[in-house]
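The values are calculated or read from the model by the stated rules, or taken from the named source; none is laboratory data. Treat the numbers as computed from the prediction; the structure is a model and nothing was measured. Counting neighbours? That spans all protein chains shown, and the Cβs are built from the backbone with ideal geometry, glycine included. Keep in mind that these areas ignore ligands, DNA and RNA; they rest on the heavy atoms of the full protein, side chains included. Shrake-Rupley method; radii C 1.70, N 1.55, O 1.52, S 1.80 Å.
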Amino acid sequence: MDSKLSIEARRFKKVREEQHHTQQSFAEILEIGATTADIERGKTKLSGKVVMELLRQFNINPLWLFGKSFTQYVDVNGGNVSPKVIALDSEDKERILLVNQKAAAGYPQNIHDVSWYETLPAFNIPLPQYRNATYRGFQVEGDSMLPNIRPNEWVLGKAVPSVAEASDSKIYIVVLNDSVLVKKLQKVANAPEKVRLISLNPEYIPLEVPVKNIQELWMVNSKLSFGLDEPSESTLLRQLQQSMEELKGQISNLNT
């Protein structure tokens with residue numbers, strides 16, 4: 001039956017489901033009555049107001065909505081956050097640049113400077129997870145992402161072309177105009193012009209930043225840790241006591 005519906009009705013339903021809304025809740029935020037059922041059944045045509053709200057709230061491309069474009073999202077708030085410079089090896093394969101804490105301090109100001117990137121170390125990871133995309137490594141400063149990410153650890157991020165394509169509540173490397181942050185990103189309901197950046201450490205309060213202030217966005221997909229914590233004295237003592245109890249048990253079994 002869906003194949004007989006207009007493409008805009010099918011894509012309208014797709015948007016609703018992707019945003020995890022019921023027909024009733026979606027109608028409420030779009031301010032179009034009690035439910036979106038009639039639109040999805042093709043009984044009611046999409047009005048200009050609905051198209052405008054889909055664009056304003058979710059960055060939905062009107063041309064895509066009516067089947068005239070393959071691009072679902074458009075950037076209406078300055079949300080182009082794709083990498084400004086990439087590194088290639090002699091075979092024109094992308095390399096992963098590493099940005100340590102010191103370099104991160106100057107990253108926002110040098111984001112378009114090709115010669116600056118040439119001073120950064122770069123490498124390749126010959127694994128399928130790191131193919132067909134651009135990745136970059138950043139060293140974490142501070143304890144705002146404890147316990148998941150510790151100070152001085154490295155996180156590897158996959159480039160995100162636009163804020164509209166960012167997944168809600170994932171951890172991202174966020175390059176602002178004046179700093180580089182590692183935070184969980186949360187989109188703000190009915191306010192696509194800004195996002196909320198959340199620390200995992202509850203001692204830090206969330207930040208709301210305008211999308212136009214984000215220069216680049218990298219979704220964290222892995223991290224690098226160097227060195228393992230040595231067991232504490234109390235841990236060693238418990239392990240010793242456990243071994244002694246096991247030894248006593250074995251001796252008792254021999255005597256029986």
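Can you name every residue in the stretch 22-47 that is more than 21 Å from residue 193 (Cα to Cα) and either open to solvent by 60 Å² or more (accessible area, probe 1.4 Å) or touching a strand residue (DSSP E or B) at 6+ places or on another chain (Cβ under 8 Å) (or both)?
Within the stretch 22-47, 22, 23, 24, 34, 35, 38, 41, 43, 44, 45 qualify.
Quick check on the stretch 91-103. Is at least one of its residues assigned to a loop (DSSP other than H, G, I, E, B) and either without any contact (Cβ under 8 Å) to a residue 24 or more places away in the chain or not assigned by the TED database to the domain that holds residue 194 (or both)? Steps first, answer last, please.
Initially, the stretch 91-103 is screened for residues assigned to a loop (DSSP other than H, G, I, E, B), giving 91-93, 100.
From what is left, the residues that are either without any contact (Cβ under 8 Å) to a residue 24 or more places away in the chain or not assigned by the TED database to the domain that holds residue 194 (or both) are 91-92.
The answer is yes, given that some residue of the stretch 91-103 is assigned to a loop (DSSP other than H, G, I, E, B) and either without any contact (Cβ under 8 Å) to a residue 24 or more places away in the chain or not assigned by the TED database to the domain that holds residue 194 (or both).
Which of the numbered conditions does residue 7 fail, given that it passes all the others? Conditions: (1) out of contact with any Ser or Thr (no Cβ under 8 Å at 6 or more places or on another chain); (2) β-branched (Val, Ile, Thr); (3) more than 21 Å from residue 193 (Cβ to Cβ); (4) buried (at least 16 other Cβ atoms within 10 Å of the Cβ).
(4)
Scan the stretch 81-93 and tell me whether some residue there is closer than 30 Å to residue 26 by Cβ, touching a helix residue (DSSP H, G or I) at 6+ places or on another chain (Cβ under 7 Å) and not charged (D, E, K, R). Write out each step before concluding.
Step one: list which residues in the stretch 81-93 are closer than 30 Å to residue 26 by Cβ, which gives 81-82.
Those left that are additionally touching a helix residue (DSSP H, G or I) at 6+ places or on another chain (Cβ under 7 Å): 81.
Still in the list and also not charged (D, E, K, R): 81.
Checking the stretch 81-93: at least one residue is closer than 30 Å to residue 26 by Cβ, touching a helix residue (DSSP H, G or I) at 6+ places or on another chain (Cβ under 7 Å) and not charged (D, E, K, R).
Determine which member of the set 66, 123, 70 is open to solvent by 70 Å² or more (accessible area, probe 1.4 Å), among the aromatic types (Phe, Trp, Tyr) and more than 24 Å from residue 211 (Cα to Cα).
Just a single option satisfies the conditions, and that option is 66.
Going residue by residue through the stretch 134-143, is there one that turns out to be closer than 25 Å to residue 161 by Cβ, open to solvent by 60 Å² or more (accessible area, probe 1.4 Å) and either in the same structural domain as residue 175 (by the TED database) or touching a residue at least 40 places away in the same chain (Cβ under 8 Å) (or both)?
Going residue by residue through the stretch 134-143, those that are closer than 25 Å to residue 161 by Cβ are 134-140.
Restricting the remaining residues to those that are open to solvent by 60 Å² or more (accessible area, probe 1.4 Å) gives none.
No, every residue in the stretch 134-143 fails to be closer than 25 Å to residue 161 by Cβ, open to solvent by 60 Å² or more (accessible area, probe 1.4 Å) and either in the same structural domain as residue 175 (by the TED database) or touching a residue at least 40 places away in the same chain (Cβ under 8 Å) (or both).
So, in the stretch 25-66, how many residues would count as being over 21 Å from residue 163 (Cβ atoms), modelled with pLDDT under 90 and assigned to a helix (DSSP H, G or I)?
Within the stretch 25-66, residues that are over 21 Å from residue 163 (Cβ atoms), modelled with pLDDT under 90 and assigned to a helix (DSSP H, G or I) number 2.
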